[in-house]
Amino acid sequence: MVASVHGVCACGHELQSFDPQCPSCGKQLSAPNVRMALAQRDRLHSAYHLKRQSTARGLRLEELEACIGSDGRIVVNMRYSTIRELLENPQVTYGNFWQDFVADRIVERNEALVARRMQVDAALFAQHTKRIRSAVLSPDGLGATFYGRFAVTLRQLLIADRTSLLENNPFNVDLSRVNELLRAIWDDRAKLAVVRYGDSVATSDVPIATLIRVIGAERDGQAFMEAHIWDTFTREAFENVVAQVPPGALDPQLIGDLARIEDLCNRAGIAFERVEDVLVRA
Ligand SMILES: [Zn+2]
């Protein structure tokens, strides 16, 4: 018998959707994005084994797996106003694009971009989109600069069981191919990285974290493994904050902003660090 693609509840009910509750017994199920990744696990494992077999430099792939397994942090990049609001109030929750859009917090209301985003999100998560928060898998902890200079690493313990990973930035592929992107549950993140980065890692001796660094200052050019977190989080989930600043003299506004965030982090017991980064944009 082939198991239902949507899984089976502990009560025995064969699920017909990825909804977060069992319609038969009402039990809370795993997050829909995690179950979607689980449903495609065989596809990921096949691609992983194929990559392992076809790559001559197996040791390099093992190095990659170990790096992602230990340092594959989930990072959310925030702009000043967002991180400040979260740090100032322990009750404030992190909003996603759609909540920000409705609340008029999106500065750049480009119609074509919003339409594309709506299509990409619908292709990935259908009706569950509104409860998903996006992040990136980032071994160096700097994340995707495009989305903001403040890179927040989230605590694994608070998010791992509701996080799934996507092979690529979905804005980097044709809409018709978004659904072909491989997905992974948290425990399979290193396998997904092998499929995604195996070729470039095997043909280079550059340190892994540098090699798979998020590169590019524009949304469409950014290549990264996207992470999706079900539901939201507060500053309690912040493990550390890295502020990326341009080299050279900083303008007084930025100096003030950085001092404010550093002070708020100190008071909340969150490690804060600043690094010079020529890629920074916002
Ligand atoms: Zn049930």
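So, in Å, what gap is there between the alpha-carbon centers of region 232-250 and region 60-95? Spelled out, the Cα-based centre of one part sits 9 Å from the other.
Between T145, G72, H13, the Cα set farthest toward the positive side of the dipole of the chain (charges on each charged residue's Cβ, about the Cα centre) is that of H13. Highest mean first, the peptides 247-257, 7-17 sorted by other C-beta atoms within 10 Å per residue fall in the order 7-17, 247-257. Near F224, the amide H atoms lying under 5 Å from its own belong to N169; only residues 5 or more places off or on other chains count, and H is placed 1.01 Å from N.
Projecting the Cα atoms of H49, S4, I159 onto the dipole axis of the chain, where Lys and Arg carry +1 and Asp and Glu carry -1 at the beta carbon, places S4 farthest toward the positive end. With contacts taken as Cα pairs under 8 Å and at least 6 residues apart, region 73-138 reaches a relative contact order of 61 percent. Highest mean packing comes first when the peptides 189-198, 169-178 are listed by Cβ atoms within 10 Å, giving 189-198, 169-178. Every Cα-Cα pair of the chain was included, and the share exceeding 25 Å stands at 49 percent. Among 89-97, 157-165, the peptide with the highest mean count of other Cβ atoms within 10 Å heads the list, and the full ranking is 157-165, 89-97. Partners of K51 within straight-line reach, counting lysines whose Cα lies under 29 Å from its Cα and excluding those fewer than 8 residues away in the same chain: K191.
Under the membrane-span-like helix rule (DSSP H runs whose alpha carbons stretch at least 15 Å along the helix axis, mean Kyte-Doolittle hydropathy -0.5 or higher), the chain yields 58-71, 111-125, 189-202, 252-268. Applying a 4.7 Å cutoff between beta carbons, the unpaired cysteines of the chain are C67, C265.
With viscosity set to 0.890 mPa s and temperature to 25 °C, compute the Stokes-Einstein D of region 1-56, Rh being the Kirkwood radius across alpha carbon pairs; µm²/s, no decimals. Roughly 193 µm²/s, to the nearest whole number. Using a cutoff of 8 angstrom between alpha carbon atoms and counting only pairs six or more residues apart, the relative contact order for region 58-276 works out to 31 percent. Region 100-164 and region 167-186 have Cα centres lying 14 Å from one another. Rounded to the nearest 20 debye, the dipole size of region 102-195 about its Cα centre is 260 debye, using +1 on the Cβ of Lys and Arg and -1 on the Cβ of Asp and Glu.
Hydrodynamic analysis of region 1-118 uses the Kirkwood radius over alpha carbon pairs. Inserted into Stokes-Einstein at 10 °C and 1.306 mPa s, it gives a translational diffusion coefficient of 83 µm²/s.
Listed by chain and number, the aspartates and glutamates whose alpha-carbon sits under 12 Å from that of K27, ignoring those within fewer than 8 places in the same chain, are D19. Taken over region 52-108, the percentage of Cα pairs per 5 Å bin, counting from 0 up to the bin with the maximum distance, is 4, 14, 16, 14, 9, 8, 8, 10, 10, 7, 1.
Computed on the Cα trace of region 100-161, the radius of gyration divided by the Kirkwood hydrodynamic radius gives Rg/Rh = 0.99.
What you get for region 58-276, charging only the Cβ of Lys and Arg (+1) and of Asp and Glu (-1), is a dipole of about 460 debye around the Cα centre.
Two-decimal Rg/Rh of region 74-183 from alpha-carbon positions, Kirkwood Rh?
Ratio of gyration radius to Kirkwood radius: 0.94.
Cα convex hull, region 119-270: 139 Å³ per residue, rounded to a whole number.
Coordinate-derived values only; no laboratory data. Fair warning: this is a prediction, and the values are worked out from it, not measured in the lab. For neighbour counting, all protein chains shown are included, and Cβ atoms are generated from backbone atoms with ideal geometry for every residue, glycine included.
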